[in-house]
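For reference, the structure discussed in these notes is given below.
The values are calculated or read from the model by the stated rules, or taken from the named source; none is laboratory data. Everything quoted here is computed from the prediction, not taken from an experiment. As a convention, Cβ positions derive from the backbone with ideal geometry for all residues, glycine included, and neighbour counts pool all protein chains shown.
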């Protein structure tokens, strides 16, 4: 029986690295098991926030990847910040001097002239190419995944011009994303962003989000066919052989911008270290990924810099080994207005390791509900000093006793294969 065909329009694809790549890379890996053959449409020369060529090995040989050149206005930003042409573009992590010098102008330009985002110049060339391609190579469904939300406008135009069945997948919100209010938008630009968002939500045959709160938000905006399919994890056939750390190791994997700076946790760790010599000799903090200078300054002010081991990036296939070695996995949800709806990809990676998760964020959010459902950890409010202290001491006591584990209830619901099964069910329903 011939496989049905799905065209996936995504800005992020290997050898780019990071969580934005993993969602549809993993769906593409498992979709053929459920009767769907993916085709990927992606830029040939994107700006990368991370580079992970090891992910190229995870692309199934049967998946066709179509790459087309993209023009992006980032050379000016890199010139102003002294970055090289191949440096990763991480606007949130520029130095304080750079931030003061460029942020006003750059954010105004980004928010008001590049609507919905700086990838807008790829929309029209992509639509022209894909109209020709889809006429010669019919596909049953088109999916656009954003951000960047320019990908959704490609899907929108294909829907209008070819009457194709189209799904818009939102890995993050559009106008409710945490940095939206920092874009220095004029009233006209704000109306344009919101108009495009409503147009996408109203026109797509289905909308997928990564969490219940975002799905609820879109329903309140009048979107009818909304589905939640979270991110997930791969269950390896064989766990890597690792020796647990002999120290009380707290691990955070992924970027840590200023909005994820757990200052109260740093203060608690500093206080416990100052009062307990044994705890002080056991403590180590692993930070793997980009770390904002605000975070580094908080660690220094708390006297914790000597306990910190940093690595800028590790290949994705090494992540599980680091998770299994560590004592505690640190999850920090952005301290922002949309925090309740944030379900970071790292949370699902953490679930695969069976280690306790020390989570800082909204206690009534999607991540808190998931931790409660799985028994993998407890969400603590950003400023709840007393309960953060109690949790750290409880975890440390279990570490000393050699019994530091986490619950595992309902974790398999979030395996990539099971999530792809749910996606395939939605695809089948749409073409019926």
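Report whether or not residue 164 is modelled with pLDDT of 95 or more, surrounded by 18 or more Cβ atoms within 10 Å (Cβ to Cβ), part of a loop (DSSP other than H, G, I, E, B) and in contact with a strand residue (DSSP E or B) (Cβ under 9 Å, 6 or more places away or on another chain). Please lay out each step first, then the result.
Working: modelled with pLDDT of 95 or more: yes; surrounded by 18 or more Cβ atoms within 10 Å (Cβ to Cβ): yes; part of a loop (DSSP other than H, G, I, E, B): yes; in contact with a strand residue (DSSP E or B) (Cβ under 9 Å, 6 or more places away or on another chain): yes.
Yes, satisfied.
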Which residues, counting only those in region 5-39, are part of a strand (DSSP E or B), closer than 18 Å to residue 229 by Cβ and under 20 Å from the mean Cα position of the chain (by Cα)? 8, 9
Please give the number of the condition residue 389 fails out of (1) in contact (Cβ under 8 Å) with a residue 60 or more places away in the chain; (2) crowded, with 19+ Cβ neighbours inside 10 Å; (3) touching a helix residue (DSSP H, G or I) at 6+ places or on another chain (Cβ under 6 Å). (2)
Taking first residues from region 399-416 that are modelled with pLDDT under 80 and second residues anywhere that are assigned to a loop (DSSP other than H, G, I, E, B) and crowded, with 19+ Cβ neighbours inside 10 Å, the pairs with Cβ under 8 Å that are 6 or more apart or on different chains are 405/355; 405/356; 406/355; 406/356; 406/376; 407/376; 408/376
Within region 311-323, is there a residue that is in a helix (DSSP H, G or I), modelled with pLDDT under 90, surrounded by fewer than 17 Cβ atoms within 10 Å (Cβ to Cβ) and in the same structural domain as residue 366 (by TED's automatic domain parsing)? yes
Could you tell me which of the residues 365, 354 is on the phi > 0 side of the Ramachandran plot and surrounded by fewer than 24 Cβ atoms within 10 Å (Cβ to Cβ)? 354
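Do you know which residues across region 368-381 are in a loop (DSSP other than H, G, I, E, B) and surrounded by 20 or more Cβ atoms within 10 Å (Cβ to Cβ)?
First, the residues of region 368-381 that are in a loop (DSSP other than H, G, I, E, B): 375-376, 381.
Matches in region 368-381: 376 only.
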Checking the structure you have, find out if any residue of region 286-302 is touching a helix residue (DSSP H, G or I) at 6+ places or on another chain (Cβ under 6 Å), over 17 Å from residue 258 (Cα atoms) and not in a helix (DSSP H, G or I). no
Hey, residue 231 hits all of (1) out of contact with any strand residue (DSSP E or B) (no Cβ under 8 Å at 6 or more places or on another chain); (2) surrounded by fewer than 20 Cβ atoms within 10 Å (Cβ to Cβ); (3) at pLDDT 95 or above but one; which does it fall short on? (2)
Only one residue in 191, 181, 224, 235 is under 24 Å from residue 343 (Cβ atoms) and either assigned to a helix (DSSP H, G or I) or under 18 Å from the mean Cα position of the chain (by Cα) (or both), so which one is that? 181
